[in-house]
Amino acid sequence: MIFAYEKKYYKNISQQIMQIFNNWNVVAKGWYIACPSSALPKRKAKSVEICSQKIAIFRGEDGQARALDAYCPHLGTDLGIGQVDGNWIRCAFHHWAFDETGNCQNIPCQSEIPAPAKLQAYATEEKYGFIWIYPDAVAPERVADFDELKGKEIVTQADTAFERSCHHHICMMNGIDAQHLKTIHHLDIKMDLSLHQSELGTQIDFIMRGNFPQSTFRERLGQRFLGSTYEYSMRYAHGCIGLLTMMKNVRLFPPLHMLYAYTAIAPGRTRIQPIYVTEKRKGIGGYLLSKFLLLCTRLAYYMLRDEDGKIYDNIRFHPKLLLSIDTPLAQYMKYVNQLEPSRWSQSVKKATIEHEIL
C-alpha cells in the first residue's frame, strides 16, 4: 500500500515520466560509445551509428580521435569512407577537407570556400578502452569516473555487448530495484539508501548499505568471509552510463568495479556494453591480482545478469503504483527528467528544421 504522504509525490513523478524518461524521441546530452579505441588506427576514418545518428570518426596524424556529422555538405557523401589528410578528413568524392571543428579548409577545384561548407563537430574522449562521443562540439564534463579510481592507472576488459527490448532508462534501474533483489535473486536484504547528485545535475549516486542477513546458507557464508555489513553503489551519468561498485568496505576483497554503457539503437532496442575496471598494479603479482579481480567482477555480473534478461525483454513499463520501497526508482526517474535533450533528439531536430525554414 502506498502511504498518503507519498501519493502526491509519486503522482507528480508519473506525470513527468514521459518528458525524457523512457522516451525514444529524446536523446539526453551525455557520453555515448562510438567504437573500441583499437578499431580506429592512426590516419584512418570510419562511420558509426549512435542513437540513430551517422557520425564520421577519424584519427589524425597526431593520434587524436575526432568526430563530425557523417555526410559531406556538398553532395552528401559519407566522410567515413574518405581519407585522413594530416588532422583533416577529405571527402572520397570531391576531396573537400574538413577540420575537427567541422569547417571546410580546402576545396581542390576553387580557392573560395562557401560559408555553408561546414559540419557539426562533436567532442570526443578515449576512456575505458573506447572512443566516446558527446552530442555537442564542447562537453561540459568528462566521461564519468569511479571515485576509488580517480587519478589512478586502470586496467579494463570489455565484455560482449548485448541488446534488450526496452528503453535503456528501464534497464538502468535494475541495480536500485530493491524488490527484485529478493524476488528474482533471492537476496533477503534490507537497505539504507543515501543519495547524492552532482552540481551539474548530470550524475546521481545511489549508495546501498545494510547488514548481512543470515536466513540462507549463502548469506551466512558471505557474512563469515566478508563481514557483517555490505555496501554497493550505483553512479548514473547522463542517463546513459551506469557505474557499479561492489564489495565496498568488506573484508578480503578490494572494491569491484564495472561500467554499463547504454545506447538506443532503434525504437524498442537498446545496446548495452559491459566493461570491467580495476586499478593497474605493479609487477607480475600486481598484474595477476588485477586480472583476478576483473574475473571476479565478471563472475559476479554473470550470476545476476541472465536472471533479469527475460524481464527486460518482456516489459511494458508503466509505474502507476509505486511503494515506499520503490523510492530509488522514483528518484531516478526524476533525475532523468531534468537532463537536457541533445540535438540528436527528434523534437530538437524538428525545431531546428522549422527554424531554418523560417
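Nothing in this text is a laboratory measurement; each read-out follows from the coordinates by a stated rule. Because the structure is predicted, anything quoted here is derived from the model rather than measured. Here the Cβ positions follow ideal geometry from the backbone for every residue, glycine too, while neighbour counts run over all protein chains shown.
Annotations for the structure displayed:
- At full extension, Gln179 and Lys282 could sit 33.0 nm farther apart than now, given 0.36 nm per residue minus the alpha carbon distance.
- Pairwise label distance in nanometres, Leu252 with Ala161, each label 7 Å out on the Cα-Cβ vector: 3.6
- Between Tyr230, Thr156, Gly201, the Cα set farthest toward the positive side of the dipole of the stretch 147-337 (charges on each charged residue's Cβ, about the Cα centre) is that of Thr156.
- The stretch 170-179 - phi-based ³J(HN,Hα) in whole Hz, Karplus 6.51/-1.76/1.60, Gly and Pro as x: 6, 4, 5, 7, 3, x, 10, 8, 5, 4
- Counting neighbouring beta carbons within 10 Å and listing from fewest to most, the residues His196, His169 come out as His196, His169.
- Applying 1/(1 + (r/R0)^6) with r as the Cβ-Cβ distance of Val138 and Arg298 and R0 = 35 angstrom yields a FRET efficiency of 0.50.
- Answer label, with P(r) over Cα pairs in 10 Å bins from 0, in percent calculated from the coordinates and candidates (i) 5, 25, 32, 22, 12, 4, 1, 0; (ii) 5, 21, 29, 23, 13, 6, 2, 0; (iii) 5, 23, 33, 27, 10, 2, 0: (ii)
- Exposure proxy ranking, count of Cβ atoms within 10 Å, fewest first, for Ile315, Ile107: Ile315, Ile107
- Estimated dipole of the stretch 32-134 in Debye, rounded to 20 [Cβ of Lys and Arg +1, of Asp and Glu -1, Cα centre]: 240
- Residues of the stretch 35-72 with amide N under 20 Å of the 7 Å Cα→Cβ point at Phe93: 45-49, 53-58, 68-72
- Summary value for the stretch 231-342: 16 percent relative contact order, contacts being C-alpha pairs under 8 angstrom separated by 6+ residues.
- Distance (nanometres) between label positions extended 7 Å along Cα→Cβ at His318 and Glu49: 3.0
- Ellipticity estimate at 222 nm from DSSP helix runs (n ≥ 4, -39,500 (n - 2.57)) divided over the chain, nearest 500: -7500 deg cm²/dmol
- The stretch 62-144 - percent relative contact order, Cα under 8 Å, separation 6 or more: 24
- The alpha carbon centroids of the stretch 27-75 and the stretch 250-307 are separated by 26 Å.
- Mean Kyte hydropathy of -0.5 or more with a Cα span along the axis of at least 27 Å, helices from DSSP in the chain: 283-312
- Per-residue 3J(HN,Hα) values for the stretch 315-324, derived from phi via the Karplus relation 6.51 cos²θ - 1.76 cosθ + 1.60 with θ = phi - 60°, read 9, 10, 6, 8, x, 7, 9, 10, 9, 5 Hz in sequence order (x marks Gly and Pro).
- Shown is the FRET efficiency for Ile113 and Lys42, computed with R0 = 30 Å from the Cβ-Cβ distance and rounded to the nearest 0.05: 0.65.
- Distant-in-sequence amide contacts of Ser52, defined by a placed amide H-H separation under 5 Å and a gap of 5 or more residues or a different chain, comprise nothing.
- Proximal charge balance of Lys44 [Cβ under 14 Å; K/R count +1, D/E count -1]: +3
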